[in-house]
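Colleague: This is the structure I want to talk about, given as structure tokens.
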Amino acid sequence: TIDGSNPTSKTLITTIPPNPRATRVVNTDLGIQSFQVPAASVSAFLSINSSLTPDCNGIVAERPMYFSNGIKSGHDVLGATHTGTTFYFADVPTGGGYSSYFTILNPGSNAATVTAAYYANGQKVNSQILQVPAGARGTISPNSLGLPRHVAAIVTSDQPVVVERPDYFSNVNGGNAGIVSGGTCIVGAATLASDWLFAEGFTGAGFQEYFVIANLDSVAKVANATIKLEYQDGSTLTFQQSVNPNSQVIWNVNQFGKPSQATAAEITSTGANIIVQRVMYFRYSLEGVKATAVGGTDVIGQVGPASSHAYSFAEGYTNTGFNEWLTLENPTNSTEKLFVTLVNGAGRVYTQWVQIGPSTRSTLNITALVLQHLVHADDGGADYEVSIVVQSLNNTLFVAERPMYWNVVMGSNFPTQGGTDIIGYTGL
């Protein structure tokens with residue numbers, strides 16, 4: 001669905017063979033050049049034609065975007081599998097170099113009235129209402145409201161919709177990463193919870209990590225949060241943090257955690273349910289090329305306690321100028337054995353296993369694995385396009401994320417650099 005365009009929608013069909021991943025270039029589908037002005041604001045709905053492919057149990061879809069319009073960067077989200085009427089966001093930054101938006105897909109047959117309510121310092125500080133027509137995309141911009149620099153938000157709708165929050169930042173203070181520019185995007189959480197899990201996190205040179213913890217629970221009580229950091233050597237650190245009702249706390253992991261460490265985390269609360277995002281800014285030195293990727297990532301945690309024994313990632317790219325990683329968290333009290341399967345665009349498959357101790361974070365270099373096991377001279381560029389499936393032995397529970405960093409020129413004249421991160425699809 002195309003925001004404000006005529007016609008408002010376009011339907012396309014693509015065929016995906018077994019095992020290989022497939023990529024659709026939306027600009028090409030819509031006949032829009034990379035630097036064309038005006039262009040189109042687009043939402044998308046992907047579905048399987050069960051009549052033509054009755055044996056297909058499902059697909060996993062991500063939407064990476066790269067941009068070079070003032071800010072040269074990119075972001076990525078995993079597609080939502082359900083519509084909803086309430087979406088929670090721990091952090092909506094505006095002002096001081098930040099711009100945030102709510103993008104709304106209304107796939108139904110009735111117009112949707114969508115309300116965005118903003119909270120900070122114990123109170124609702126403002127709200128906005130937008131009517132989104134049936135089968136259309138809509139956009140809410142809070143940037144002119146004069147909100148505090150960081151607010152939490154609840155977005156509600158009288159019809160089932162999907163809501164994302166892209167944000168863009170230019171020359172902001174990225175703490176340990178220095179001055180950074182970039183963009184991030186998240187799909188709103190459908191619920192508050194008392195337990196949130198994160199497999200990724202890093203506080204080493206050039207990286208700044210924060211947890212944004214928001215208490216939007218209607219019980220209007222203080223949330224008493226416990227932040228447990230889990231390291232690759234099996235050690236853990238635990239901290240306490242209170243969060244008042246209708247408020248957020250931005251918790252500096254670099255300040256409290258171990259220096260120069262990769263870390264996973266589990267954040268729990270009592271007294272009130274919360275929502276937690278992990279915001280990271282980075283100045284990353286790419287492996288294999290003399291280049292740096294600068295930007296940020298933002299991820300809403302996975303609702304805990306841990307409940308998934310398999311994760312899927314549709315996106316992944318490992319050619320020159322791209323570094324891809326897989327980060328794993330074992331939040332349980334037992335050692336786990338995980339099987340990581342890589343499938344590239346040429347249909348080649350490689351599997352290896354990794355053992356992770358209790359309350360431990362682990363990291364795999366996906367770029368190195370692809371270059372070693374999946375690249376063949378006669379396959380062309382499809383070798384470097386990789387999807388991932390991670391499964392545990394005996395259905396033990398874990399968390400998986402996939403960070404990626406890049407600095408390249410796409411096409412003939414599209415320079416972009418940055419990073420993305422998502423938690424994998426769990427089948428829910």
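Colleague: Restricting the first residue to the range 348-370 and requiring it to be over 15 Å from Arg402 (Cβ atoms) and in contact (Cβ under 8 Å) with a residue 12 or more places away in the chain, which pairs with a second residue that is assigned to a helix (DSSP H, G or I) and not small (Gly, Ala, Ser) meet a Cβ separation below 6 Å and a spacing of at least six or different chains?
Modeller: Tyr350/His373
Colleague: Between a residue in the range 92-112 that is without any contact (Cβ under 8 Å) to a residue 40 or more places away in the chain and any residue that is of a type outside the set (Val, Ile, Thr) and in a loop (DSSP other than H, G, I, E, B), which pairs come within a Cβ distance under 9 Å, given they are 6 or more apart or on different chains?
Modeller: Within 9 Å, the pairs are Ser109/Ala134; Ser109/Gly135.
Colleague: Looking at the range 249-274, which of the residues that are polar (S, T, N, Q) and in a strand (DSSP E or B) is farthest from Glu329 (Cα to Cα)?
Modeller: Residues of the range 249-274 polar (S, T, N, Q): 252, 254-255, 260-261, 263, 268-270, 273.
Filter once more, so that each one left must be in a strand (DSSP E or B): 252, 263, 268-270.
Working: Asn252: 20, Thr263: 9, Thr268: 16, Ser269: 19, Thr270: 23 Å.
That would be Thr270.
Colleague: Within the range 221-239, track down each residue that is surrounded by fewer than 20 Cβ atoms within 10 Å (Cβ to Cβ) and assigned to a strand (DSSP E or B).
Modeller: Restricting attention to the range 221-239, the residues satisfying the condition of being surrounded by fewer than 20 Cβ atoms within 10 Å (Cβ to Cβ) are 221-222, 224, 226, 228, 231-239.
Scanning the range 221-239 gives Asn224, Thr226, Lys228, Tyr231, Thr236, Leu237, Thr238, Phe239.
Colleague: Further, regarding this structure: Would you pick out the residues in the range 17-32 that are modelled with pLDDT of 80 or more and within 26 Å of the chain's Cα centre (by Cα)? Give the derivation first.
Modeller: Step one: filter the range 17-32 for residues modelled with pLDDT of 80 or more, giving 22-32.
Across the range 17-32, the qualifying residues are Ala22, Thr23, Arg24, Val25, Val26, Asn27, Thr28, Asp29, Leu30, Ile32.
Colleague: Just to be sure I understand, how many residues within the range 182-208 are crowded, with 20+ Cβ neighbours inside 10 Å and within 20 Å of Leu364 (Cα to Cα)?
Modeller: Of the residues in that region, 8 qualify.
Colleague: Output the strands (runs of 3 or more DSSP E) that fall wholly within the range 147-203 and possess 1 or more residues being closer than 15 Å to Pro93 by Cα and touching a strand residue (DSSP E or B) at 6+ places or on another chain (Cβ under 6 Å), or say none.
Modeller: Numbers: elements: 150-173, 179-187, 195-198.
Filter on the range 147-203 gives 150-173, 179-187.
Colleague: Return the pairs, sorted by first residue and then second, in which the second residue is part of a loop (DSSP other than H, G, I, E, B), the first residue lies in the range 416-428 and is closer than 17 Å to Asn57 by Cβ, the beta carbons are less than 6 Å apart, and the residues are 6+ apart or on different chains.
Modeller: Partner pairs satisfying both residue conditions: Tyr425/Val60; Thr426/Ser308.
Colleague: Residues Ser218, Ser242: which one is of a type outside the set (A, V, I, L, M, F, W, C), surrounded by fewer than 16 Cβ atoms within 10 Å (Cβ to Cβ) and touching a residue at least 12 places away in the same chain (Cβ under 8 Å)? Walk me through it before giving the result.
Modeller: Values: Ser218 fails: touching a residue at least 12 places away in the same chain (Cβ under 8 Å).
So the residue among Ser218, Ser242 that is of a type outside the set (A, V, I, L, M, F, W, C), surrounded by fewer than 16 Cβ atoms within 10 Å (Cβ to Cβ) and touching a residue at least 12 places away in the same chain (Cβ under 8 Å) is Ser242.
Colleague: While we're here: Go through the residues of the range 379-396 one by one and say whether even a single one is assigned to a strand (DSSP E or B) and farther than 25 Å from Ile59 by Cα.
Modeller: No; the residues of the range 379-396 include none that is assigned to a strand (DSSP E or B) and farther than 25 Å from Ile59 by Cα.
Colleague: Could I ask something else about it? Is it true that Thr81 is surrounded by fewer than 17 Cβ atoms within 10 Å (Cβ to Cβ), in contact with a Leu (Cβ under 9 Å, 6 or more places away or on another chain) and not aromatic (Phe, Trp, Tyr)?
Modeller: Working: surrounded by fewer than 17 Cβ atoms within 10 Å (Cβ to Cβ): yes; in contact with a Leu (Cβ under 9 Å, 6 or more places away or on another chain): yes; not aromatic (Phe, Trp, Tyr): yes.
Answer is yes for this residue.
Colleague: Is there any pair with a first residue in the range 47-73 that is touching a residue at least 40 places away in the same chain (Cβ under 8 Å) and farther than 15 Å from Thr297 by Cα and a second that is among the aromatic types (Phe, Trp, Tyr) and outside any strand (DSSP E or B) whose Cβ atoms are under 9 Å apart and which are 6 or more apart or on different chains, and what are they?
Modeller: Listed pairs, sorted by first residue: Ser68/Phe35.
Colleague: So, Gly188, is that one in contact (Cβ under 8 Å) with a residue 40 or more places away in the chain, over 15 Å from Ile274 (Cβ atoms) and of a type outside the set (A, V, I, L, M, F, W, C) or not?
Modeller: It is false that Gly188 is in contact (Cβ under 8 Å) with a residue 40 or more places away in the chain, over 15 Å from Ile274 (Cβ atoms) and of a type outside the set (A, V, I, L, M, F, W, C).
Colleague: With the requirement that a residue be of a type in the set (A, V, I, L, M, F, W, C) and assigned to a strand (DSSP E or B), what does the range 52-82 give you? Steps first, please.
Modeller: Restricting attention to the range 52-82, the residues satisfying the condition of being of a type in the set (A, V, I, L, M, F, W, C) are 52, 56, 59-61, 65, 67, 71, 77-78, 80.
Those that are of a type in the set (A, V, I, L, M, F, W, C) and assigned to a strand (DSSP E or B): Met65, Phe67, Ile71, Val77, Leu78.
Colleague: Moving on to the next point. Gly411: within 15 Å of Arg21 (Cα to Cα) and either at pLDDT below 95 or surrounded by 20 or more Cβ atoms within 10 Å (Cβ to Cβ) (or both), yes or no? Break it down stepwise before answering.
Modeller: On the way: within 15 Å of Arg21 (Cα to Cα): no; either at pLDDT below 95 or surrounded by 20 or more Cβ atoms within 10 Å (Cβ to Cβ) (or both): yes.
The answer is no for Gly411.
Colleague: Within the range 400-422, which residues are under 21 Å from Tyr350 (Cα atoms) and not basic (Lys, Arg)? Spell out the reasoning first.
Modeller: We begin by selecting, within the range 400-422, every residue under 21 Å from Tyr350 (Cα atoms); these are 400-404.
Within the range 400-422, Ala400, Glu401, Pro403, Met404 qualify.
Colleague: Quick one: which strands (runs of 3 or more DSSP E) sit completely within the range 275-350 and have at least 1 residues that are buried (at least 20 other Cβ atoms within 10 Å of the Cβ) and either modelled with pLDDT under 95 or touching a His at 6+ places or on another chain (Cβ under 6 Å) (or both)? Even if it seems obvious, please write down each step before you answer.
Modeller: Details: elements: 275-285, 292-300, 310-313, 322-330, 336-344.
Fully inside the range 275-350 and qualifying: 336-344.
The values are calculated or read from the model by the stated rules, or taken from the named source; none is laboratory data. Bear in mind the structure is a predicted one, so any value in this text is a computation, not a measurement. Note that we place each Cβ from the backbone using ideal geometry, even for glycine, and neighbour counts take in every protein chain shown.
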